[in-house]
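Only one structure is covered here, and it is reproduced in the block below.
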Ligand SMILES: [Zn+2]
């Protein structure tokens, strides 16, 4: 770890905490939309942990988790290594309460992050990569499903041998339901933030809290505990790893199965709780028309679980309304891998 860490407009020496911003983009009225950042540099050597929230503009629980970790729980004089905190990864999405950038409807996590002269959202991605992501040793990207009845979970891709062991250590420390994929990122795939990190050997854990539009429990407590546990696991702070409680946890290895989609349009009622086992063929949800008649009974395609009901999507914004159109996402399905 270097003596000084430079992120955006701040340079942070040993034992210091500073607030600043990463230069973002300029709007047509010359207003600059920048990315706020906090950096805490510890007094001893250790890894640099990047915490980012709100890549998707309506998923705000991670802002509070980062605030608690960096402003209340951890102090520079007891920290080994450094923390970079980005409360809002996509300020263009956040400022309009939208999932994606309102200017071009793009996702800062899905576009190329290697283009300083690219389109508007690509420039935000480049700013995040060059100023923060590329300087980290460990990354936690905090998202949220919209509804409060969703299951808190984390997703790791262990397809890269360079990051596999660290990702497992991070996931075990966090202690929530883990969805595992083993996808090798091919050379020809676009250099998104995740793909660039993977190529550089930086592990990125995707953490999904719940009730994304509101600061609420258990998301705050579970999220803060997960981050502090990662810091304990990598010897950044003292203390024992604390077991997660208050939430449903499906232990072991779970795999994403697919998205359940609507075949009819209308309002929707959910009949199965996320995180509870559902047999293949059981009715998961009912779609009914505006007269109140049920027009589709949505069946579970496999023995498994639902982790969340994203409901309607308008301009990519999931959870915008408890209504669906043909083809809309109803539920995210995962299956438990028996060992
Ligand atoms: Zn998200």
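Read-outs throughout are calculated quantities, based only on the coordinates presented, and are distinct from any laboratory measurement. Here the structure is a predicted model, which is why all the values come from computation and not from measurement. Here Cβ is always computed from backbone atoms with ideal geometry, including for glycine, and neighbour counts include all displayed protein chains.
Some notes on this structure:
- Among 197-205, 293-301, 134-142, the order from most to least packed when residues are scored by Cβ within 10 Å on average: 134-142, 197-205, 293-301
- Two-site FRET efficiency, residue 9 against residue 169, from Cβ-Cβ distance with R₀ of 41 Å, rounded to 0.05: 0.80
- Normalising the average separation of contacting C-alpha pairs (under 8 angstrom, six or more residues apart) by the number of residues puts the relative contact order of the chain at 15 percent.
- Residues residue 187 and residue 72, FRET efficiency given R0 of 51 Å [Cβ-Cβ distance, rounded to 0.05]: 0.75
- Förster radius 56 Å - calculated FRET efficiency between residue 248 and residue 23, Cβ distance, rounded to 0.05: 0.85
- Cα-based convex hull, the chain, per residue volume (Å³, whole number): 137 Å³
- The alpha-carbon positions of segment 8-86 define a convex hull whose volume is 89 Å³ per residue.
- Taking the DSSP beta bridges with both ends in segment 5-233, the antiparallel portion is around 45 percent.
- P(r), alpha carbons of segment 255-336 - 10 Å bins starting at zero, rounded %: 21, 53, 25, 2
- Projected label points at residue 282 and residue 336, each 7 Å from Cα along the beta carbon direction, are separated by 1.2 nanometres.
- Using alpha-carbon coordinates, inclination of helix 120-131 to the longest axis of the chain, degrees: 50 degrees
- Helix 164-174 axis versus longest C-alpha principal axis of the chain: approximately 80°, rounded to the nearest ten.
- Over the chain, dividing the summed -39,500 (n - 2.57) contributions of all DSSP H runs of at least 4 residues by the number of residues returns a 222 nm mean residue ellipticity of -5000 deg cm²/dmol.
- Counted by neighbouring Cβ atoms within 10 Å, the residues 186, 123, 71, 280 run from fewest to most as 186, 280, 71, 123.
- Just checking the listed ones, 240, 286, 44: in the Gaussian network model of the chain with Cα springs under 10 Å, the one fluctuating most is 240.
- Tilt relative to the chain, helix 219-233 - C-alpha long axis, 0 to 90 degrees, to 10: 50 degrees
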